[in-house]
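Below is one structure, written out as C-alpha cells; comments come after it.
Read-outs throughout are calculated quantities, based only on the coordinates presented, and are distinct from any laboratory measurement. Source: prediction; values computed, not measured. Because the Cβ atoms are built from the backbone with ideal geometry, glycine has one as well, and the counts that use them run over all protein chains shown.
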C-alpha cells in the first residue's frame, strides 16, 4: 500500500534517516507512473523531511483531486508540523 510506504518514509525522515526517506519518496514517484498515488501520501514524506511548502502543495493537489484521506488532516498527528503553515488553514478549513 502506498499509504504504508509513505508513512514509512515519514518515519525514516523523523528518525533522521534522510537518505532512506528520499528513497521511499523516489519509490512513490516511480509507482505514480504506473498507478495512482495520492498526493496526500507524498505529503507524509515531505512533512517528515521538513519540506512544508512541498507537503502543502501535495495536500492542495489532494484536495483538488478529492483524495479521500484529506478529511483527516485536522486530527492527524502526522501533520502537526504543518499546522502553523498558512496553507494548512486553507486546506483544513475547506
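Summary table
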item: Burial order of peptide ranges 40-52, 4-16, 23-35 (average beta-carbon count within 10 Å, highest first); result: 40-52, 4-16, 23-35
item: Inter-probe distance in nm under a simple model that places probes 7 Å from Cα toward Cβ, at residue 18 and residue 30; result: 2.2 nm
